[in-house]
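The values are calculated or read from the model by the stated rules, or taken from the named source; none is laboratory data. This structure is a prediction, so every number in the text was calculated from the model and none was measured. Quick reminder, even Gly has a Cβ in these numbers, built from the backbone with ideal geometry, and neighbours come from all protein chains shown.
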């Protein structure tokens with residue numbers, strides 16, 4: 001006689017690594033949605049813009065590729081998953097190629113997707129090994145240059161752009177502070 005406690009109406013489905021990594025990233029860095037907040041507005045969390053832009057970006061886009069790289073590296077670090085690190089490196093390589101094309105196009109360079117991608121490249125560098133951390137500054141300088149392509153009014157024209165501007169600008173201010181000053185603002 002079969003063991004009824006072990007029977008399921010649906011087969012056990014193991015989520016794929018991409019899904020696990022993305023969900024872990026959202027859990028670690030982005031607050032859950034609030035039922036009292038309008039769905040088009042980001043929550044009051046620094047990285048609340050990430051899922052909004054991610055959902056709007058096309059599959060295979062630069063933004064999705066870079067977010068996937070960050071999600072994979074976070075998962076690799078948190079869960080000791082070398083296969084996730086390999087996928088992170090692959091996404092990062094593709095993301096850098098895609099970002100070069102976006103920055104070359106004046107209209108795309110001024111988009112939330114481009115600024116978010118460059119900002120997250122710096123985050124990726126901070127999450128990886130010590131040897132790679134030197135490139136954080138290069139990505140941060142790139143994000144700073146992209147901030148100059150739009151006016152503050154353009155950034156604050158919608159809640160997602162405003163939140164992205166806030167985190168990129170605050171990161172720029174923090175990197176400009178000498179390390180000997182604990183609080184410069």
Options 42, 2, 35; residue that is assigned to a loop (DSSP other than H, G, I, E, B), touching a helix residue (DSSP H, G or I) at 6+ places or on another chain (Cβ under 8 Å) and either at pLDDT below 70 or on the phi > 0 side of the Ramachandran plot (or both): 42
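Residue-wise test of (1) at pLDDT 95 or above; (2) crowded, with 16+ Cβ neighbours inside 10 Å.
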{"residue": "71", "(1), (2)": "yes, yes"}
{"residue": "78", "(1), (2)": "no, no"}
{"residue": "100", "(1), (2)": "no, no"}
{"residue": "109", "(1), (2)": "no, yes"}
{"residue": "116", "(1), (2)": "no, yes"}
{"residue": "121", "(1), (2)": "no, yes"}
{"residue": "131", "(1), (2)": "no, no"}
Among residues of the stretch 57-83, those that are part of a helix (DSSP H, G or I) and without any contact (Cβ under 8 Å) to a residue 12 or more places away in the chain, counted: 2
Count - residues of the stretch 170-185 that are at pLDDT 60 or above and in contact with a helix residue (DSSP H, G or I) (Cβ under 6 Å, 6 or more places away or on another chain): 1
Meets criteria (under 16 Å from residue 128 (Cα atoms), without any contact (Cβ under 8 Å) to a residue 12 or more places away in the chain and surrounded by fewer than 19 Cβ atoms within 10 Å (Cβ to Cβ)) for residue 104: no
Checking residue 155 against (1) at pLDDT 65 or above; (2) surrounded by 12 or more Cβ atoms within 10 Å (Cβ to Cβ); (3) within 24 Å of residue 71 (Cα to Cα), the condition it does not meet: (3)
